[in-house]
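**Q** What follows is a structure written as structure tokens; I'll ask about it next.
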Amino acid sequence: MNALADPAYLKLAHHIPPAEWALMHEDVTAIRALKRARNAIILAHNYQTPEIYHAVADIVGDSLALAREATTTSAAVIVVAGVHFMAETAKLLNPGKTVLTPDSRAGCSLADSITPADIRALRAAHPGIPIIAYVNTSAAVKAEVDYCCTSANARRIVEHAAHAAGTTTVIMLPDRFLAANTARETEITIIPWTGACEVHERFTEADIAQVRAQYPGVTILAHPECPEPVVAASDFSGSTAALAAYVTEHRPARAALITECSMADNIAAANPATEFVKPCNLCPHMKRITLANIRHALETMTETIDLDPGILARARIPVERMLAIP
Ligand code: 13P
Ligand code: SF4
């Protein structure tokens with residue numbers, strides 16, 4: 001197929017010049033054929049680059065949507081275009097399927113900030129207090145906790161966990177900013193950990209003031225991994241899917257997405273009436289995933305995600321508890 005006649009290019013033309021797209025198209029065509037041959041699907045996080053998001057992904061979304069979709073697919077092979085913890089989550093929900101990561105080095109500063117031994121020490125220090133792990137944690141950490149949560153359901157899980165345990169306090173880890181932003185929305189006391197997202201912690205209140213001064217009337221949408229003053233100075237905060245939904249629903253003339261840069265690139269085509277303004281920050285871990293390494297993963301059926309059966313069985317429990325809460 002002529003690359004420019006590919007219907008996916010309609011959503012990419014604002015972002016990718018024709019000559020660059022023509023070069024990408026060989027990988028795109030190969031990946032589509034490999035998906036059919038392998039009975040594979042590609043789950044892609046909202047921070048993936050537009051050519052992955054629009055041209056080869058089968059399911060796109062926030063961490064919660066990707067976890068939910070991982071439970072419903074009938075495909076034999078799941079390629080996770082996202083970071084390592086997302087691939088682990090897909091695996092623990094699909095132990096019998098092949099889950100591939102295009103680059104196993106795609107980590108996350110949050111997942112790296114806490115270990116299973118840290119959780120055991122927290123539990124010993126706070127007996128009877130439920131422990132909630134953000135989905136941005138390793139399977140080994142999830143295996144030690146009571147509930148999992150994402151940015152889309154943090155308050156609901158905090159309140160559910162406290163109520164179920166008959167407490168007014170929970171431990172929520174590892175993101176200190178998500179914990180602080182969630183604490184603003186609930187009566188429950190949250191004991192945080194010290195982790196932070198290296199992408200979102202860099203935004204400041206001064207950035208928000210500068211955007212408002214430079215772009216009058218701008219709507220500011222911030223991810224809750226941002227520091228609390230940044231979220232407080234914004235017009236709306238939510239998971240990446242909630243930020244996208246806000247733009248679609250409210251159609252602001254100008255919007256600043258205070259999050260990873262690909263978010264705005266990915267939703268720009270569907271929201272032509274909105275001018276997206278900076279700042280944004282790149283996640284170097286998400287950007288390890290490329291068309292070339294997705295193709296390589298499907299060609300070679302590597303790298304597979306393999307979890308210790310004991311860890312898998314225990315880590316699945318808090319994730320399934322989360323998914324059972326509407
Ligand atoms: P959500 O897409 O769940 O909001 O998460 C953002 C994120 O940083 C994932 O790594
Ligand atoms: Fe981790 Fe932050 Fe990158 Fe998300 S954006 S994967 S939280 S480092």
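**Q** Just to confirm my filter: which helices (runs of 4 or more DSSP H) fall fully inside the stretch 121-191 and include at least 2 residues that are open to solvent by 40 Å² or more (accessible area, probe 1.4 Å), outside the structural domain of Val231 (by TED's automatic domain parsing) and away from ligand 2 (no atom under 16 Å from the Cβ)?
**A** Correct list: 154-165.
**Q** Here's a follow-up. Looking for something under 26 Å from Phe85 (Cα atoms), within 13 Å of ligand 1 (Cβ to nearest atom) and surrounded by fewer than 22 Cβ atoms within 10 Å (Cβ to Cβ) - is there at least one such residue anywhere in the stretch 203-222?
**A** Scanning the stretch 203-222 turns up no residue that is under 26 Å from Phe85 (Cα atoms), within 13 Å of ligand 1 (Cβ to nearest atom) and surrounded by fewer than 22 Cβ atoms within 10 Å (Cβ to Cβ).
**Q** Please go through the stretch 110-120 and pick out each residue that is within 16 Å of ligand 2 (Cβ to nearest atom) and open to solvent by less than 50 Å² (accessible area, probe 1.4 Å).
**A** Matches in the stretch 110-120: Leu110, Ala111, Ser113, Ile114.
**Q** Continuing with the same structure: Kindly establish whether Ala256 is among the small types (Gly, Ala, Ser) and buried (at least 17 other Cβ atoms within 10 Å of the Cβ).
**A** yes
**Q** Condition test on Lys278, is it within 16 Å of ligand 2 (Cβ to nearest atom), of a type in the set (Lys, Arg) and either on the phi < 0 side of the Ramachandran plot or in contact (Cβ under 8 Å) with a residue 12 or more places away in the chain (or both)?
**A** Considered against the rule, which asks whether it is within 16 Å of ligand 2 (Cβ to nearest atom), of a type in the set (Lys, Arg) and either on the phi < 0 side of the Ramachandran plot or in contact (Cβ under 8 Å) with a residue 12 or more places away in the chain (or both), Lys278 comes out as no.
**Q** Of the conditions (1) open to solvent by 60 Å² or more (accessible area, probe 1.4 Å); (2) under 30 Å from Asn94 (Cα atoms), Ile289 clears all except one; give me its number.
**A** Failing condition for Ile289: (1).
**Q** Something else: I'd like the full set of residues that are open to solvent by less than 30 Å² (accessible area, probe 1.4 Å) and of a type outside the set (A, V, I, L, M, F, W, C), limited to the stretch 95-108.
**A** Once the filter is applied, which keeps residues that are open to solvent by less than 30 Å² (accessible area, probe 1.4 Å) and of a type outside the set (A, V, I, L, M, F, W, C), the stretch 95-108 yields Thr101, Pro102, Asp103, Gly107.
**Q** Testing Gly107 on (1) farther than 18 Å from Thr240 by Cα; (2) within 14 Å of ligand 2 (Cβ to nearest atom); (3) assigned to a loop (DSSP other than H, G, I, E, B); (4) out of contact with any Phe, Trp or Tyr (no Cβ under 9 Å at 6 or more places or on another chain), one condition comes back false. Which one is that?
**A** (4)
**Q** Identify all residues within the stretch 56-108 that are among the hydroxyl-bearing types (Ser, Thr, Tyr) and closer than 19 Å to Ala315 by Cβ; write none if there are none.
**A** Hits for the stretch 56-108 are Ser63, Thr71, Thr89, Thr98, Thr101, Ser104.
Listed here are the residues, each with its yes/no results for (1) open to solvent by less than 50 Å² (accessible area, probe 1.4 Å); (2) over 18 Å from Leu12 (Cβ atoms).
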site	(1), (2)
Pro252	yes, yes
Cys261	yes, no
Asp265	yes, no
Glu275	no, yes
Thr304	no, yes
Leu312	yes, yes
Val319	yes, yes
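**Q** Same structure again: Any idea which residue in the stretch 235-250 is nearest to Cys197 (Cα to Cα), counting only those that are surrounded by fewer than 23 Cβ atoms within 10 Å (Cβ to Cβ) and small (Gly, Ala, Ser)?
**A** Gly238
**Q** Taking the condition of being over 17 Å from Cys108 (Cβ atoms), without any contact (Cβ under 8 Å) to a residue 40 or more places away in the chain and among the hydrophobic types (A, V, I, L, M, F, W, C), how many residues in the stretch 149-201 meet it?
**A** 8
**Q** Considering the stretch 113-128 alone, what residues qualify as being free of Cβ contacts under 8 Å to residues at least 24 places away in the same chain and closer than 30 Å to Thr290 by Cβ?
**A** none
**Q** Out of the stretch 67-92, which residues are away from ligand 2 (no atom under 12 Å from the Cβ) and either open to solvent by 10 Å² or more (accessible area, probe 1.4 Å) or of a type in the set (D, E, K, R) (or both)?
**A** If the condition is that a residue be away from ligand 2 (no atom under 12 Å from the Cβ) and either open to solvent by 10 Å² or more (accessible area, probe 1.4 Å) or of a type in the set (D, E, K, R) (or both), then Arg68, Glu69, Thr71, Thr72, Thr73, Ser74, Ala76, Glu88, Lys91 are the ones that fit.
**Q** Being acidic (Asp, Glu), outside any loop (DSSP other than H, G, I, E, B) and within 13 Å of ligand 1 (Cβ to nearest atom) is true for just one of Asp118, Asp112. Which residue is that?
**A** Criteria check complete, one pass: Asp112.
**Q** Any chance you could count how many residues in the stretch 12-29 are aliphatic (A, V, I, L, M) and either on the phi > 0 side of the Ramachandran plot or surrounded by fewer than 17 Cβ atoms within 10 Å (Cβ to Cβ) (or both)?
**A** Going through the stretch 12-29 one residue at a time, the tally reaches 4.
The values are calculated or read from the model by the stated rules, or taken from the named source; none is laboratory data. Note that the structure is predicted; figures quoted are calculated from it, not measured. Glycine also receives a Cβ, built like all others from the backbone with ideal geometry; neighbour counts cover every protein chain displayed. For accessibility, only protein heavy atoms count, side chains too; no ligands or nucleic acids. Shrake-Rupley method; radii C 1.70, N 1.55, O 1.52, S 1.80 Å.
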